[in-house]
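Below you'll find the structure, written out as structure tokens, and then a few comments.
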Amino acid sequence: MNTTYLGLELKRTTRDFVTMFFVAVLPAFFYVIFGASQEYSGENAGNGNVAMYIMISMAAYGAVVATTGIGGAAAVERMQGWGRQLGLTPMSDGSYVVLKSAVALVIAAIPIALVFTLGGFTGAEGTPSAWIGSALILIAGAGMFSLYGLIFGLAFRSEAAVGAAGGSLVILAFLGNIFFPLTGWLLTLAKFTPLYGYAALARYPLTEGFTIDTTTGTLIEQPLWQPLANVVVWTVIFALLATWLARRGRGRQ
């Protein structure tokens, strides 16, 4: 991997203060508003408390915003001529993909680290396995949303489309049971949306699959295979769609 180019890409991304606000600062703000500042934040939630539950959810949102933006920007860069410029260098297509993946993971780790650090100072509590397990799942699983951003970049070939992809994550986050607990038919619908499985898996070390039905106040257990299947199916869908769009783009050239 070209570490010099990696460093330049990281500097370029982190210097975009508007992007970094939505990637890192906004999820941290959401955690403070919906988690740390609420009276119920100290109540038990599996292997920790409610503050940690909300902390993981907000970190998940920040991580997918990061990887979606990186994936979409990579597609737009290639189609706007940056790929031809890189073709004059020794860097191969494979190296470019690996480098962009590394950038996406590093940028995704920023909101996770910020929100987790903030949670540690504002009452989020959990077992060591819950902290470590959720953080690792958040970083590993966020990569699927780089494909989501890639789809928008390949389909519409503009930076505005990439911004729209990031904006659509707000809707997916609501439907994905991230911002507040869903019940009834909304919860049933949520299980088929792409962010649901990712967030549920990230919270699994904390909740062990249990959620609270806010209507009845009872605990509901969700088998592990459900969020796993959600992540696998959506990753396959994103990968197939991105591959098809990439081939279609080459066919037009």
Requested in this report: Identify, from the list ALA242, ALA161, ALA173, ALA246, the residue that is of a type in the set (Gly, Ala, Ser) and either under 16 Å from the mean Cα position of the chain (by Cα) or at pLDDT 90 or above (or both).
Outcome: ALA173
Report task. Can you tell me which residue within region 223-240, out of those that are under 22 Å from THR68 (Cβ atoms) and polar (S, T, N, Q), is surrounded by the most Cβ atoms within 10 Å (Cβ to Cβ)? Result -> ASN230
Query raised in the report: Can you name the condition, by its number, that THR193 falls short on among (1) buried (at least 16 other Cβ atoms within 10 Å of the Cβ); (2) under 27 Å from THR127 (Cα atoms); (3) at pLDDT 90 or above?
Result: (2)
Report task. Give the residues of region 100-125 that are surrounded by fewer than 24 Cβ atoms within 10 Å (Cβ to Cβ) and outside any helix (DSSP H, G or I), sorted by residue number. Result -> THR122, GLY123, GLU125
Query raised in the report: Does ALA28 satisfy the condition of being at pLDDT below 85 and part of a helix (DSSP H, G or I)?
Result: no
**Report entry** Entirely in region 147-218, the helices (runs of 4 or more DSSP H) that have 1 or more residues that are over 16 Å from ILE54 (Cα atoms) and out of contact with any helix residue (DSSP H, G or I) (no Cβ under 9 Å at 6 or more places or on another chain)
**Finding:** 159-175, 184-190
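Quick check on ALA130: is it aliphatic (A, V, I, L, M) and in contact with a strand residue (DSSP E or B) (Cβ under 7 Å, 6 or more places away or on another chain)? Step through it out loud before you land on a result.
On the way: aliphatic (A, V, I, L, M): yes; in contact with a strand residue (DSSP E or B) (Cβ under 7 Å, 6 or more places away or on another chain): yes.
When the stated conditions are applied, ALA130 passes them.
The values are calculated or read from the model by the stated rules, or taken from the named source; none is laboratory data. Since the model is a prediction, treat every value here as computed from it, not as a measurement. Glycine gets a Cβ as well: all are built from the backbone with ideal geometry, and neighbour counts include every protein chain shown.
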